[in-house]
1. Sum up the charges of everything whose Cβ sits under 15 Å from the Cβ of SER113, counting Lys and Arg as +1 and Asp and Glu as -1, but leave SER113 out.
2. Between beta-carbons, use under 10 Å as the cut-off and find the net charge around TYR32, counting Lys and Arg +1, Asp and Glu -1.
3. For a paramagnetic label modelled at 7 Å from the Cα of ARG111 toward its Cβ, which residues of the range 131-175 fall within the zone defined by backbone nitrogen distances under 11 Å?
4. Over what distance in Å are the Cα centres of the range 42-56 and the range 112-142 separated?
5. Leaving out ligands and nucleic acids, note down the accessible area per residue over the range 114-162 with a 1.4 angstrom probe, in whole Å².
6. Rank these residues by their accessible area, most exposed first, probe 1.4 Å: LEU171, LEU146.
7. Send over a whole-number figure in Å² for the accessible area per residue of the range 1-55, probe 1.4 Å.
Amino acid sequence: LPNLPHPKIYVKDNHAYSLGSDCVADLLANGYKVDNIVRSESAPTPEEGRIISKTPRCQKLFDIQNRHEPMELEEIYLWVNEFSDDFENNNSIKANRDGVWIKTLTVCPPRYSTHRLSHTYPLAVGPKKVSHESIETALKIDMLELAAGKIMYCKRRNKMILVRVSLFASLQDQPDRRGANYLMMVNSLSPAMWGFSADW
């Protein structure tokens, strides 16, 4: 266990956070099965359509269809989901609530493991009513580096591999979504019509 790359915890602006790259390295080093993206020549069958890595959206995360050049290292393509929300701690009273904001990262669980905690990591935690901008920026920079590729150890393959990771979905409730998309805080009716944001 001391040799495994446990995610390092950083502290900044009243937040504690880990980097997504450390979480992915921990998952692969522990040898958990992942729903990695593989090249698909045909449209998914109805049964395969329930598997995230087989969806057209996931296939487009990386341009793997056009990669034919030989690689020095074996490559693996992973998708991740992030989720952020706030909550009240158990011992708070209504008059003086100390809300907590949390962000988690789920690393491509196989279809029948989507609700297991083995593939979900706490990414960041901090006070609810403060700006999370500096933490989001640090996490975004790390995610861009992951998309470009990082060399990590994979226990299942028992060797070092090149890992590329891309964000599949960022899940938030309406207040978090307004903040993440820099929408004005007028009322809940204006942004309520947008159930999700997409890379149009």
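The values are calculated or read from the model by the stated rules, or taken from the named source; none is laboratory data. Since the model is a prediction, treat every value here as computed from it, not as a measurement. Counting neighbours? That spans all protein chains shown, and the Cβs are built from the backbone with ideal geometry, glycine included. Only protein heavy atoms, including side chains, enter the accessible area calculation; ligands, DNA and RNA are left aside. Shrake-Rupley method; radii C 1.70, N 1.55, O 1.52, S 1.80 Å.
1. Working: positive: LYS33, ARG50, ARG111, ARG116, ARG156; negative: ASP35.
Result for the neighbourhood of SER113: +4.
2. Numbers: positive: LYS33, ARG116, LYS155, ARG156; negative: ASP26.
In short, +3.
3. none
4. When both Cα centres are located, 27 Å separates them.
5. Using a 1.4 Å probe on heavy atoms only, each residue of the range 114-162 averages 63 Å².
6. These residues rank, largest area first, as LEU171, LEU146.
7. On the way: 3280 Å² over 55 residues.
Ligands and nucleic acids excluded, the figure is 60 Å² per residue.
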